[in-house]
1. Applying 1/(1 + (r/R0)^6) with R0 = 41 Å to the Cβ-Cβ distance of residue 5 and residue 122, what FRET efficiency is obtained, to the nearest 0.05?
2. For the pair residue 22/residue 329, report the inter-label distance in nm, with labels modelled 7 Å from Cα in the Cβ direction.
3. Evaluate E = 1/(1 + (r/R0)^6) for residue 213 and residue 32, where r is the Cβ-Cβ distance and R0 equals 51 Å; express this FRET efficiency to the nearest 0.05.
4. Only helical DSSP H runs with n ≥ 4 go in: add -39500 (n - 2.57) per run for the chain, normalise by residue count and round the 222 nm mean residue ellipticity to 500 deg cm²/dmol.
5. Subtracting the Cα-Cα distance from 0.36 nm times the residue separation, let me have the gained length for residue 336 to residue 152 in nm, one decimal.
6. Using the Cα centre of the chain as origin and beta-carbon charges of +1 (Lys, Arg) and -1 (Asp, Glu), tell me which of 264, 293, 170 is placed farthest towards the positive end of the dipole.
7. In a shell of Cβ-Cβ distance under 9 Å around residue 134, excluding residue 134 itself, what net charge do Lys and Arg (+1) and Asp and Glu (-1) give?
8. Please work out the average accessible area per residue across region 308-387, using the 1.4 Å probe convention, and give it in Å².
Amino acid sequence: MLALSNADVGGVRTVVRIAASRIASVGESPRVDEPVLDLAGDRLLPGLINAHDHLPLNHLPRLEPAPRYCNVREWIADVDRGRRVEGALKAAVAVPLAQRLLLGGVKNLLSGVTTVAHHDPLYPELCELQYPVRVVTRYGWAHSLQVEGEAKTLESQRRTPADWPWIIHAAEGVDAEAREELWRLDRLGCLKPNTLLVHGVALGGPERRRLGAASAGLIWCPSSNLHLFGVTADVTELLSQGRVALGTDSRLSGSRDLLEELRTAARQVAITPTALECLVTSDAARLLRLPDCGAVAPQARADLLVIPAGMPLERVHRSDIRLVMVDGIPLYGDPDVAGALAPAWRWAEVRVDGRMKALEVSLAERLRRLDVREPGLELAAVTGRAA
Ligand SMILES: [Zn+2]
């Protein structure tokens, strides 16, 4: 048991009590024998949800598109060519999968993300308890109509239970072909309430209205879109319907992390800080069918994020984060918060973007053992010892 007192939850100072991996209560006083951490007005949010990533593709350098693309097909061809012939990219994809997957997890954890919707096969490593973040496991997916073709796309959609999200890259481009993908999906019968299109850059008014009428949703990755196409999806109407979640995509085309993605999103559309936070918490949880994530509420998972008092999420950088907890287990944060929650031997001292932080020691040891190199994370100062 643990009680977090003086927590700012949605502008209200309250007490959040945690029992094992769940939130036991919000607003009830701590029990007499319960350890209490006084957050002194720091903001307590549900752990963030990154609605789109390709977890093994985050160690690669961001590739510069040249020239700017009209359709994702041109980008895929360039990436394939790079994998086959270009030195840096060819060497980068030779990095062992276990190392790449762990780096993808750490990228997300350090930015306050506790749940990731991974778009690719669900590798066994992503389902292990020791993986740093929760990965959505109940989902159906197809890469895109271009890559899979209509028959395989339809089969994937039909195989996916109606209460799981079915996720597909679509309308990723600025040409007529990209826009037409929505109507092709519609004709196939693939626009359902559990359908989530990733990108949707080419969607015009009629396409967006059709998506809304189908009660489907959009996973918005503005950094990647701007990088590849110079524009991003028009999300205004879908935002007002609560049908948008935010994703980073991989670093091959996307942002460094979800905090940076939030800043990019805030520059693209008029949105309040509260509504922006919903794209990575409650709206994302609803669209991804994760009923016990995305809220600080009784019985929700104790996936929690603490950030400095009064700070809107879009201003937070990963070195500002006070605490990240997954399933009630503190994994990353400031040394003073970490020290109050667990004995010193449970923590490794690390530097994140030049600032001293604490990282759960077995995770730090695994990063060192697998030689995972996350830019900005210095493990050299590891002083903890593995349990
Ligand atoms: Zn993607």
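The values are calculated or read from the model by the stated rules, or taken from the named source; none is laboratory data. Predicted, not measured: the structure shown is a model, and the values here were computed from it. Methodologically, a virtual Cβ is constructed for each residue, glycine included, from the backbone with ideal geometry; neighbour enumeration extends over all protein chains shown. Just the protein is used for accessible areas: all its heavy atoms, side chains included, with ligands, DNA and RNA removed. Shrake-Rupley method; radii C 1.70, N 1.55, O 1.52, S 1.80 Å.
1. Once the sixth-power term is evaluated, E becomes 0.60.
2. Once both label points are built, they end up 1.9 nm from each other.
3. 0.40
4. Using -39500 (n - 2.57) per qualifying helix, the result is -9000 deg cm²/dmol.
5. 61.1 nm
6. It is 170, whose Cα lies furthest towards the positive end.
7. Around residue 134, the charge tally is -1.
8. Accessible surface, normalised per residue, equals 45 Å².
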